[in-house]
1. I'd like the projected area of the stretch 88-196, averaged over all directions, using the convex hull of its alpha carbons. Report it in nm² with one decimal.
2. Enumerate the whole-percent occupancy of each 10 Å bin, from 0 to the last occupied one, for all C-alpha pair distances of the chain.
3. In whole Å, what are the Cα extents of the stretch 94-152 along the three principal axes, biggest one first?
4. Hey, what number do you get for the chain at 222 nm if only DSSP H runs of n ≥ 4 count, each worth -39500 (n - 2.57), divided across all residues, to the nearest 500?
5. Would you list 22, 12 from the most to the least accessible area, probe 1.4 Å?
6. Pick out, in residue order, every one of the trypsin sites (Lys or Arg not before Pro) in the stretch 50-158 that is DSSP loop and has at most 13 other C-beta atoms within 10 Å; say none if there are none.
7. Would you kindly find the accessible area of residue 233, with a 1.4 Å probe and non-protein molecules such as ligands, DNA and RNA excluded, rounding to the nearest 10 Å²?
8. Using 19 Å as the Cα-Cα cut-off, could you pick out the over-long pairs in 90/181; 50/101; 18/181; 35/196; 119/196?
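The values are calculated or read from the model by the stated rules, or taken from the named source; none is laboratory data. If you're wondering where the values come from, they're calculated on a predicted model, not measured in any experiment. Neighbour counts are summed over all protein chains in view; Cβ atoms, including those assigned to glycine, are modelled from backbone coordinates with ideal geometry. The accessibility values were calculated without ligands, DNA or RNA, using every heavy atom of the protein model including side chains. Shrake-Rupley method; radii C 1.70, N 1.55, O 1.52, S 1.80 Å.
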Amino acid sequence: MTNGKFDFTNYFKSYPDKDGYFGKYGGSYIPDELKVPMAEITEAYFNICKSRKFINELRRIRKEFQGRPTPITHLERLSNSLGNVQLYAKREDLNHTGAHKLNHCMGEALLAKYMGKKKVIAETGAGQHGVALATAAAYFGLECDIYMGSVDIKKQAPNVARMKILGANVVEVTHGLATLKEAVDAAFEAYSKEYKDCIYCIGSVVGPHPFPMMVRDFQSVVGFEAREQFMEMTGELPDSVVACVGGGSNAAGFFAGFLSDPVDIYGIEPLGRGTDLGDHAASLQYGTEGVMHGFNSVMLKDENGDPAPVYSVASGLDYPSSGPEHAFLRDIGRVKYDVIGDDDTIDAFYTLSRLEGIIPAIESSHAVAYAIKKAKEMDHGSILINLSGRGDKDMDYIIEQYGIR
């Protein structure tokens with residue numbers, strides 16, 4: 001702490017610590033049989049993350065294959081409709097495959113090749129992580145198994161088709177609520193049996209160490225790009241930055257570029273249908289400390305202390321916990337975590353589409369909705385939104401559930 005405030009000067013060297021903790025959150029709570037493979041992943045990552053060869057290869061892939069850097073767009077018509085606050089969007093929807101997920105998937109697949117693995121395994125909710133990993137597997141010539149809940153398979157049919165076209169084996173998960181949590185359960189179980197030949201590529205800043213750190217590091221390209229671009233575009237920093245938060249990969253990477261700056265940071269969770277347990281997935285807002293899927297963080301619990309049923313209109317946000325770094329940033333007061341419900345989210349989906357010609361993912365629409373709400377409360381200033389994905393995958397579901405407005 002410095003002058004009563006947290007000192008972010010050496011933040012990324014200090015957090016997480018050697019055991020994978022952000023304060024009291026994080027760590028590695030895994031069965032004994034997975035401790036050796038997780039240690040191997042950690043060692044391999046630290047061995048190559050500072051390697052000139054690895055960094056140069058990842059930079060080449062980002063530029064020549066992913067289409068990075070993605071631009072920032074001034075949302076001028078939307079801004080004018082709201083008043084004097086200027087809204088901007090970091091366009092991760094223009095990253096290859098249509099979302100931020102490829103940023104860490106290419107890094108994880110490159111790590112798998114370095115380790116001599118033949119297969120990658122992952123879970124997916126909205127399908128964007130599954131598509132991104134299937135893309136990375138095709139690029140590097142790896143086998144790919146994607147575990148996905150049957151509810152999400154129905155909601156995200158276009159992404160399921162994309163995964164299969166890319167050569168991935170999509171494994172339907174039918175137990176429990178058959179959504180993201182159950183997909184993670186099934187993927188972990190499969191990995192415990194196949195770890196000698198494969199690597200589990202977690203799709204967010206969750207899970208046992210080193211994944212919260214590793215995924216954040218790969219995603220931080222978004223935040224550091226955005227900071228540089230916004231300064232070049234406007235000559236100053238934004239007053240606020242906003243990103244949606246489920247597990248929290250897009251937000252962790254986006255926030256990384258601004259943690260040490262005098263910028264207000266907002267992470268937006270899904271309030272869904274309301275505050276009753278089972279009607280939302282806002283773990284940082286309503287949860288308590290607990291361990292699931294190999295890490296300690298803040299989670300929504302049922303009467304038995306187990307992960308509670310959750311809901312969100314966005315398949316990528318319906319997870320009963322959040323990344324340990326988000327819990328830490330909440331506790332030290334650096335990031336304000338707030339909520340937006342389904343109705344405002346869908347309104348924002350249509351508003352951005354009609355005013356700016358950008359169809360956002362439902363996940364990203366939570367951040368857009370909060371930025372609109374925030375802009376109406378401000379007299380002037382600027383807000384930078386992380387538009388983490390595009391809405392192609394959501395259009396059939398939106399039309400079926402809400403019609404064309």
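1. Quarter of the Cα hull surface area: 7.1 nm².
2. Here the calculated profile for the chain is 5, 25, 36, 26, 8, 1.
3. Dimensions of the stretch 94-152 along the principal axes of its Cα atoms: 34, 27, 14 Å.
4. Numbers: 16 runs with 177 residues, N = 405.
Helix contribution divided over all residues of the chain: -13500 deg cm²/dmol.
5. Values: 22 0, 12 85 Å².
The ordering from most to least exposed comes out as 12, 22.
6. On the way: sites: 50, 52, 53, 59, 60, 62, 63, 77, 90, 91, 101, 113, 117, 118, 119, 154, 155; in loops: 50, 101, 117, 118.
Within the stretch 50-158, the qualifying trypsin sites (Lys or Arg not before Pro) (loop, at most 13 other Cβ atoms within 10 Å) are 50.
7. Using a 1.4 Å probe on the heavy atoms, I get roughly 90 Å².
8. Values: 90/181 28 Å; 50/101 22 Å; 18/181 27 Å; 35/196 12 Å; 119/196 10 Å.
Violating the 19 Å limit, Cα to Cα: 90/181; 50/101; 18/181.
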